[in-house]
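Structure first, then comments.
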Amino acid sequence: MVDAAAVIAGFDGITRIADATGIPLEPPKAEQTADLRATLQLDAFQSAKW
C-alpha cells in the first residue's frame, strides 16, 4: 500500500515539475483543452506560451 502511494505521488510530482518548467503541451491535448483554456483564459499567462 505504501509503495502504491509513493508511485502515485511520484507521478503527480513529475507532472507538476513538467508544468512548472514550461514543457510544451502535446498538440492532441492542446486541441482537446482549447475550450477550457479559453474559458479560464489560461493562455494569457506568460508561462502558457507553447
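If you go through region 27-50 one residue at a time, how many are in contact with a Lys or Arg (Cβ under 6 Å, 6 or more places away or on another chain) and touching a residue at least 12 places away in the same chain (Cβ under 8 Å)? Number satisfying all stated conditions: 0.
Restricted to region 14-40, and to residues there that are at negative phi and in a loop (DSSP other than H, G, I, E, B), the residue that is surrounded by the most Cβ atoms within 10 Å (Cβ to Cβ) is L25. The residue pairs whose first member lies in region 1-26 and is under 17 Å from Q46 (Cα atoms), whose second member is in a loop (DSSP other than H, G, I, E, B), and whose beta carbons are closer than 6 Å, counting only pairs six or more residues apart or on different chains, are P24/W50; L25/W50.
Here, each number is a calculation from the coordinates, and none is a lab measurement. Just so you know, these numbers come straight off a predicted model, no measurement behind them. Because the Cβ atoms are built from the backbone with ideal geometry, glycine has one as well, and the counts that use them run over all protein chains shown.
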